[in-house]
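Working notes for the structure below.
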Amino acid sequence: MADHLGLDPARIERLRSPDRLTYFDPARIFDVLAPAPDCTLLDIGTGVGFIALPFAKRYPDAKVYGCDILDGMIALLREDAGAQGLANVEGIVMTPNAVGLPDGVADFVVMAQLHHELDEPAALLAECRRLLRPGGTVAIIDWADEDNGKSPPAGRRVPEADLRAQLTTGGFTDLERHDVYTFHTFITARVPTE
């Protein structure tokens, strides 16, 4: 077992819980994105790989980068990828607003249940734009801004209008909402091709 580096075991158990699939199945994200089999996906805020690992399994010819600010989470991701035989997953320890990868490396950047925790969303969105190829897609899936029994309390949620404004200000286009989750807002946006 990897060293959790002080990570809360209860949090890790929640992140890995199969119950989470009942309201937040990652396959719905993949169905919306409809990626090419050999695409490159960055999962920012990967945690234990709730998005990265099933994506890598479903698309074995894809390259998947799981990125997180916590060494312990990346250690768990690497351990689980190895245990599942997923050679197409690479764990990257990032800083809050920077990923150590070259410009234009990704077709897709996914940020799931992360946006409400960001101190500087504009800076991270600028980094997402840098990492995406022209025409690449960012997908933000975060808790809905409503009292629904799952979303965090008011004040810790990001209204959809704010997400849209941040993406537009960040230079993304073709914003689209996807109503596939009950407790989440799911928006995709693209990097312009020109």
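The values are calculated or read from the model by the stated rules, or taken from the named source; none is laboratory data. The structure presented is a predicted model; accordingly, all values stated were derived computationally and were not measured. Using ideal geometry, Cβ is built from the backbone for each residue, glycine included, and neighbour counts are taken over all protein chains shown. Areas reflect the complete protein model, heavy atoms only, side chains present, ligands, DNA and RNA absent. Shrake-Rupley method; radii C 1.70, N 1.55, O 1.52, S 1.80 Å.
Using 0.36 nm per residue, how much length does the chain from ASP25 to PHE183 gain when fully extended, once their Cα-Cα distance is taken away?
55.7 nm
With all protein chains present, how much of the accessible area of the chain (probe radius 1.4 Å) comes from carbon and sulfur, to the nearest whole percent?
Reported share for carbon and sulfur atoms: 50 percent.
Compute a Gaussian network model of the chain, connecting alpha carbons closer than 10 Å, and tell me which residue from VAL89, VAL110, VAL158 fluctuates the most.
VAL158
Return the long-range amide H neighbours of ASP145 (sequence gap of 5 or more, or a different chain), with a cut-off of under 5 Å between placed amide H atoms.
For ASP145, whose amide H was placed from the backbone, the distant partners under 5 Å are GLU160.
Which semi-axes, in whole Å and largest first, does the equivalent ellipsoid of segment 46-194 have when worked out from the alpha carbon gyration tensor as the square roots of 5 times its eigenvalues?
They are 24, 19, 15 Å, listed from largest to smallest.
Quick one: which of 92-98, 132-138 comes out on top by average Cβ neighbours within 10 Å, and what's the full order, highest first?
132-138, 92-98
Counting helices only, and only those DSSP H runs with n ≥ 4, report the 222 nm mean residue ellipticity of the chain as the sum of -39,500 (n - 2.57) divided by its residues, in deg cm²/dmol to the nearest 500.
-8500 deg cm²/dmol
Below 8 Å between Cα atoms, with a sequence gap of 6+, how large is the relative contact order for the chain in percent?
Relative contact order comes out at 17 percent.
Return the distance in nm (one decimal) between the two label points of a simple spin-label model at LEU175 and ARG14, each offset 7 Å from Cα along Cα→Cβ.
Here the answer is 2.9 nm between the modelled labels.
On average, how much accessible surface per residue is there in the chain, in Å², for a 1.4 Å probe, leaving out ligands, DNA and RNA?
Normalised by residue count, the accessible surface of the chain is 47 Å².
Which order do ARG156, ARG130 take by accessible area at a 1.4 Å probe, largest first?
Per-residue accessible area, sorted high to low, gives ARG156, ARG130.
Just reorder GLU127, GLU120 by solvent-accessible area, largest first, 1.4 Å probe, all chains present.
Correct descending sequence by accessible area is GLU120, GLU127.
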